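To keep things clear, I will list the structure first and then write my remarks on it.
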């Protein structure tokens, strides 16, 4: 039986900007070492990038050093894939 381990998310590579009541951020995820195929790795990297985006938006919207909560209503504005790292950019309205 194969165990499913959480994959590494590139952290602290965020670009955040607050524009009034709109918060914009980006998230990045990489292909995990345990992925069996490139398509599986791409899907997991995208999932990691979205989780990183959610975390970055939560931190930006709360303006605290630590935060907990649920982010809903994220609008993803761009997605890029370079073969190993998936990057998503999006925003939320407060």
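Laid out as a table, the results:
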| quantity | calculated |
| --- | --- |
| Segment residue 93-residue 43, extension gain: residue separation times 0.36 nm, minus the distance between their alpha carbons | 15.3 nm |
| Segment 27-94: relative contact order as a whole-number percent, Cα under 8 Å and 6+ apart | 37 percent |
| Segment 17-93: radius of gyration over Cα atoms, expressed as a fraction of 2.2 N^0.38 Å | 1.16 |
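Every read-out reported here was derived from the displayed coordinates using simple, explicitly stated rules and does not represent laboratory data. The shown structure was predicted, so the numbers you read here are calculated from the model rather than taken from an experiment.
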